[in-house]
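Presented below is the structure to which this report refers.
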Amino acid sequence: PHEYQDHATDFLLDRGAAALVLDPGLGKTSVVFNAFCRLQEENLAKKMLVVAPLRVCQLVWRQEALKWTQFKHLKISLVHGSKKEQALKQDADIYLINPEGVAWLAAQFWGKKFPFDTVVIDELTKFKNAQSVRHKKLLPMLKKVKRRWGLTGTFLPNGYLDLFGQMKILDDGTALGFYYTHFRNKFFEKGYDGFSFKLRRGADVAIEAAIKPYVLRMSADDYLELPPLIDDIRSVEMPPKARVKYETMKKEMVTELDGDLIEAGNAAAAYSKLKQMANGAVYAGDGVFEPRKVVHLHDAKIEAVEELIEELAGSPLLIGYEFNHDLDRLRKALGDVPYIGSGVSGDQAAQIEKDWNAGRIPVLLAHPASAGHGLNFQLGNAAHVAWFSCTWDYELYDQFIKRIFRQGNKALRVFNHIFIVENTIDNKTRAAILDKGLTQSGFYDALNSEIYHDGNSDASPDEAAKREDNSMTRKLERKGRKKPPKEEVEDAEYEDVDEDDEQDEDEKPARKSRRSSRRKAKAEEPEDDGDEEDEEEEDEKAARKSRRSSKRSSSGTKRKLRGKSEDDEDEDEDEDEPVSKKARKQFDKNVQERLEDDEEDDDEEEEAPKKRRSTKRSPEPEGGAPAEINYTLLAEAIVDVMAKRLAG
């Protein structure tokens, strides 16, 4: 192993919850193998479960173990397909399963002991959504797992909100909390659009500090000699007729193409339609009430791709596409070129990978979601990646490029060609990718992008951080056990204290003593001033009361002349009271009168139960029976009248 891989191995061994954020090509899989083997040698681990995308399970883990002598003894079982029950029962060291199989796995161990002491989540971002089925099924199974390790190259694909689900899988909510809404309300606020969220001031620093003990970030730029990556933006001009249709869809969310109505029901659907129209074709029909078909718009991007292929003169080109109709039109224009996407099996993808690295495939089409993980295309020294339609998911974008731009590629430079139709949604997609890349880059820099760069970096975890994380490991091991008494819990919380904690403990008696002295001094202070003020207030109140009494007596005759009753005396008595208090009294009086009226009505109804007030019933229908009022319709009518008045 490389020196940086040894450091990464030690990082995993020191922690029960850890995330390796390593760029593709740095050997995350080998690091995990090395850490697990060392645990086995010390009888600290027996079986490990790896949850990874299907292609990664099929093409990476077993093949990586066979590459190295020290890992060949490991027995690996792939839990997938029709015989996955037999694969799960095999006696193996490592079991591989894809995220889609987690629900099935949870059903197998419902009410049973989970047999794995180490769980590895390869491509941890697959569990960024804490509300997904896979997340909810996997988390309860991890309660008694001693070690949870996450692997990813893009920890922050679309923003800080993605961190919650990933960290919760690793540490049960220790770092960022157990509830997503609490995490969001604490660190984020609503954007101006009313539905997006943006970081509060200083929240990024707080989040980074909370997760830093669990995360090891290593950049390929720091440890590997890679060729430079050059972005090549290729502008494409949309034909005038197609531009008219595009602008109509943009403004009206509906347009007509060759007699077919293209419409978008919401903003997300409009975004998809505009992306397709920029590519040159769009789906018509919803596939449910109307048959789904592809409507052609233009071939501007197809022609740009053909020009690029001519320029490369046979150099291998990997092209990323987004929609299936893009794939069909590209294969129709370029010939029956191979592709990796929907319908391609793992064995077929493995054969394509071999042919590509052997230089037998000049043009390869691939969907980023299918080829973004588990495939290594760098061995053929290919130097060109192209985006027929650039995705706005930064994780897919970054991982797709690094199928080529990674360790082992001996090309002098790697080109990233991006086709953009000017003044369309392509420009916004590109801007979003750049913004997300900057956000993730800043996040990594704030964590520890230079960790272990020289072997003794200041960013490496110190002893205090290790003790803190070991305490977290013990908390994970205690999950599910009987809750200890309060005294034991308090002891457990203070098992691992550093010098700062000890100083705090020493200062506590001093602070307590100072507080007691202040309270004692305050209690002994003379209270004469307070008594004098109280006496002055009492005298002032008595004077006001005397003035009100004299005023009432002098106005008694006038009240009789004006014809006022004695009941009005209370109103005059409260003339000096604040308005709010008067309003409250009037409200209580009205309520009391209403209650008295209701009691009288109840008495009348008891005496004559058949008698009803005509104002509470609608006119009797022809049958003679009284008709009940539909209060729902009445309320709606009132609301309509009020709305019209407000509008007028």
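Points worth noting:
- Selection status of GLY202, open to solvent by less than 20 Å² (accessible area, probe 1.4 Å) and free of Cβ contacts under 8 Å to residues at least 12 places away in the same chain: no
- Of residues in the stretch 90-101 being closer than 18 Å to ARG147 by Cα and not in a loop (DSSP other than H, G, I, E, B), the one nearest to the chain's Cα centre (by Cα): ILE97
- Taking the listed residues PHE183, PHE116, the one that is open to solvent by less than 20 Å² (accessible area, probe 1.4 Å), part of a helix (DSSP H, G or I) and out of contact with any Ser or Thr (no Cβ under 7 Å at 6 or more places or on another chain) is PHE183, with no other qualifying.
- Some residue of the stretch 263-281 being part of a strand (DSSP E or B) and at pLDDT below 90: yes
- Inspection of the stretch 55-77 identifies no residue that is within 30 Å of PHE164 (Cα to Cα) and not in a helix (DSSP H, G or I).
- Residue in the stretch 340-353 that is surrounded by fewer than 19 Cβ atoms within 10 Å (Cβ to Cβ) and in contact with a His (Cβ under 6 Å, 6 or more places away or on another chain) present: yes
- The residues in the stretch 306-330 that are in a helix (DSSP H, G or I), in contact (Cβ under 8 Å) with a residue 60 or more places away in the chain and touching a strand residue (DSSP E or B) at 6+ places or on another chain (Cβ under 7 Å) can be counted, and the count is 2.
- Positions within the stretch 147-173 being outside any strand (DSSP E or B) and in contact with a Gly (Cβ under 6 Å, 6 or more places away or on another chain), in sequence order: LEU170
- Filter pass, LEU26 being within 24 Å of GLN166 (Cα to Cα) and in contact (Cβ under 8 Å) with a residue 40 or more places away in the chain: yes
- Condition met for ARG15 (farther than 28 Å from LEU379 by Cβ and either open to solvent by less than 20 Å² (accessible area, probe 1.4 Å) or not hydrophobic (A, V, I, L, M, F, W, C) (or both)): yes
- Scanning the stretch 287-305 for residues that are in a helix (DSSP H, G or I) and open to solvent by less than 50 Å² (accessible area, probe 1.4 Å) turns up ALA300, LYS301, ILE302, ALA304, VAL305.
- Where a residue in the stretch 100-117 is within 15 Å of LEU142 (Cβ to Cβ) and of a type outside the set (Lys, Arg) and its partner, wherever it lies, is open to solvent by less than 70 Å² (accessible area, probe 1.4 Å) and assigned to a loop (DSSP other than H, G, I, E, B), with Cβ under 7 Å and at least six apart: PHE114/VAL145; PRO115/LYS47; PHE116/LYS47; PHE116/VAL145; ASP117/ALA45; ASP117/LYS47; ASP117/VAL145
- Candidate set from the stretch 354-408 (those that are assigned to a loop (DSSP other than H, G, I, E, B) and among the hydroxyl-bearing types (Ser, Thr, Tyr)); member that is surrounded by the fewest Cβ atoms within 10 Å (Cβ to Cβ): THR391
The values are calculated or read from the model by the stated rules, or taken from the named source; none is laboratory data. Everything numeric here is computed off the predicted structure, so don't read it as measured data. Reconstructed Cβ throughout: ideal geometry from the backbone, glycine too, with neighbour counts over all protein chains shown. Side chains included, ligands, DNA and RNA excluded: accessible areas come from the protein's heavy atoms. Shrake-Rupley method; radii C 1.70, N 1.55, O 1.52, S 1.80 Å.
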